[in-house]
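Here is the structure we will look at, set down as structure tokens.
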Amino acid sequence: MSPTLWTVEQALSDQVNLDRNVCENLVNLIEKEQCTLPFIARYRKNETKNIALDKLRQVFESLSQLRDIQKKIDSSINKIEKTGNLTGDIKSALRGAQTLEEVEFISAPFKNTGGKRTLAGKACELGLDKSAEQILNGERVNLNIQVKDEKGKLLSVKEVEQGIKYVLADVLSKDTEILAAIRTQFKKCGARIVTSRKVSKGESTTSKKETKTSKAGSATSKSVKGDKGRPKKDESHKYEQYFDFSVGVSSVRSHQTLAINRGESHKYLSVKLDVPDSFQKFYCNACARHWPAFYKSYRRLFDDVTEDSYKRLLIPMLTRQCRSELKQVAEWSSIDTFGSNLKGLLLQPPCRGETILGVDPGYTNGCKMAVISPSGSILDSATLYLHNHVKKAKEIVKLADLVQRNKCGVIALGNQTACRDTEAIISDCIGKGVFAPLPVKYCIVNEDGSSVYSVSKLAEEELPQLDQNLRSAVSIARRLQNPLMELVKIEPQHIGVGMYQHDIAEAKLSTRLDSVLSECVSFVGVEINSASEHILSRVSGLNKTKAKAILSERERVGGQFICREQLLNVKGLGTKSYEQCAGFITVK
């Protein structure tokens, strides 16, 4: 790996605002000793000066990013070297970059175009690069001697001049000193993101402001002709606030960036970067200072080249880089929201010692119900049609019988379709004493992901005899009884605790949410003799393979571990893994 002009420890110290010695200790704990975040937070406080868990997570993520930057620098240097464009200045600039955005910005002009030759590349092949270099140095060049009648190329002085312009524009757009100045100036030039409605094929510019009106005078939505990438159903109303929208690059909020990107991908929005004219003047002046001989000797050519370089090469590159950076910031903000909300959801206090009736409400297909014991086992299940006006009275009698027969103390009601109407019926039953003498209470529970769980392989293994439509009711009841133990079974992105989860890089989101799950499980602790594979796999130092091995060992010793030290007998679980997990496991 190519050495960088900065050390990971110092960069980490600057990014997370921690003492360098602490950062050195953390790098050693994370990379050399392979310690997990929960383990460091609880058992290595002296080496980390007792920093908070959130700060530790920030260190983990920043360290991972810095290592990715080092790999990207190495990769970029190798790629540019293969093209023959690597110079000492470019290499030094890359080695000094401390963000992925900087590396991308420096290496962008040298990216492979996928086998497609650039205009400058074609001109160089015709031997115009030497003339371009002479012009940069202010030397006089006779263009007539470049005119050739070879295979129909360079038939006139005009074509020679145009080819030289392409080469010069390419040189100007790739100079590292100019790019460094441009990057600094761009951040304070007042650039803005501007969005407008994108007109679909077959839709006139006036129709975007109009809707079809029926004979009765009511407005009906205009159907959308299926553009590639645009949903068949017209969802343009979701993006109305962005049909004529403008915001400064430095002021745009994360949710706006994600909404704009989604609207653009669905072909409802057109997005452009609006840069003030003063920025082009800055670029031209910077080029004039950097190549004074070219500026003084070829003023007209200089003006043409800088304008072409600015509009054709620089602005598109800046637009890509700017929007990429905004997307990165928005994704991390969204991921932070996911992590924070998920942690709050997982660490909700459990409802212990109660027999709970879980209700997955519905209209046509009825309300799916399942009763679970205080230990979580299924006692009863049913499907009742509480919203069928003909059957309603009889169905309420069945509901009362289900509650009283199983002595339910709490009703857990899912919060989606038919929730409020079902709540009104249950509330009315409680008010009229239908469940008397039982003092029944009810609670509305977030049921996001329950339908995904009900058709999963895990649900089939846990509830093989239960219809998949009733499994969601079991999940709802267990979520109230013990949120952490139930929600850990569901992929975090299906729990519905963040924004634009489908627009975020899946690897980033999964890494953060898996980390939060592991933190929460380790924080609460796990009873080794009753824990499931899914819970064990989230414990610090363990994974799915080791969790399965622990369950196999538990069966081998008669279903009961006597002490934690027995984990050392588990195949594939060494002393290091044992050290990481032992403090988060209890034996009862």
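Some observations on this one:
- Those helices (runs of 4 or more DSSP H) lying entirely in the stretch 6-73 with at least 1 residues among the charged types (D, E, K, R) and more than 22 Å from G339 (Cβ to Cβ): 8-16, 20-27, 45-48
- Pairs with Cβ under 8 Å, 6+ apart, first in the stretch 442-457 and under 15 Å from K368 (Cα atoms), second in a strand (DSSP E or B) and among the acidic types (D, E): E447/D360; S450/D360
- Checking the stretch 354-371 against the condition returns a match, with at least one residue being polar (S, T, N, Q), without any contact (Cβ under 8 Å) to a residue 60 or more places away in the chain and not in a helix (DSSP H, G or I).
- Looking across the stretch 84-112, the residues that are more than 25 Å from K187 (Cβ to Cβ) and either of a type in the set (A, V, I, L, M, F, W, C) or in contact with a helix residue (DSSP H, G or I) (Cβ under 6 Å, 6 or more places away or on another chain) (or both) come down to N85, L86.
- Restricting attention to the stretch 242-255, the residues being surrounded by fewer than 18 Cβ atoms within 10 Å (Cβ to Cβ) and not in a loop (DSSP other than H, G, I, E, B) number 5.
- Matching residues, the stretch 405-431, being open to solvent by 10 Å² or more (accessible area, probe 1.4 Å) and polar (S, T, N, Q): N406, N415, Q416, T417, S427
- Residue identified as assigned to a helix (DSSP H, G or I) and open to solvent by 60 Å² or more (accessible area, probe 1.4 Å) among A400, A393: A393
- Here G152 clears all of (1) more than 47 Å from the chain's Cα centre (by Cα); (2) open to solvent by 60 Å² or more (accessible area, probe 1.4 Å); (3) modelled with pLDDT under 60; (4) not acidic (D, E) except the condition numbered (2).
- Yes/no for I90 being surrounded by fewer than 20 Cβ atoms within 10 Å (Cβ to Cβ) and in contact with a Ser or Thr (Cβ under 6 Å, 6 or more places away or on another chain): no
- Residue-level analysis places L66 outside the set of residues that are closer than 20 Å to E519 by Cβ and open to solvent by less than 10 Å² (accessible area, probe 1.4 Å).
- The single condition from (1) within 21 Å of I444 (Cβ to Cβ); (2) open to solvent by less than 30 Å² (accessible area, probe 1.4 Å) that S373 fails is (1).
- Residue check for Y442: surrounded by 15 or more Cβ atoms within 10 Å (Cβ to Cβ) and assigned to a helix (DSSP H, G or I): no
- Qualifying residue in the stretch 482-495 (condition: without any contact (Cβ under 8 Å) to a residue 60 or more places away in the chain, surrounded by fewer than 17 Cβ atoms within 10 Å (Cβ to Cβ) and under 30 Å from S324 (Cβ atoms)): yes
- Just one of the listed residues (L342, L379) is surrounded by 14 or more Cβ atoms within 10 Å (Cβ to Cβ) and modelled with pLDDT of 90 or more, namely L379.
- Scanning the stretch 457-487 for residues that are assigned to a loop (DSSP other than H, G, I, E, B) and more than 23 Å from G525 (Cβ to Cβ) gives L463, P464, Q465, L466, D467.
- Evaluated against (1) within 29 Å of Y442 (Cα to Cα); (2) among the β-branched types (V, I, T); (3) open to solvent by 20 Å² or more (accessible area, probe 1.4 Å), T511 falls short on exactly one condition, (1).
The values are calculated or read from the model by the stated rules, or taken from the named source; none is laboratory data. Since the model is a prediction, treat every value here as computed from it, not as a measurement. Cβ coordinates were reconstructed from backbone atoms using ideal geometry, including for glycine residues, and neighbour counts include every protein chain displayed. These area figures cover heavy atoms from the full protein model, side chains too; ligands, DNA and RNA do not enter into them. Shrake-Rupley method; radii C 1.70, N 1.55, O 1.52, S 1.80 Å.
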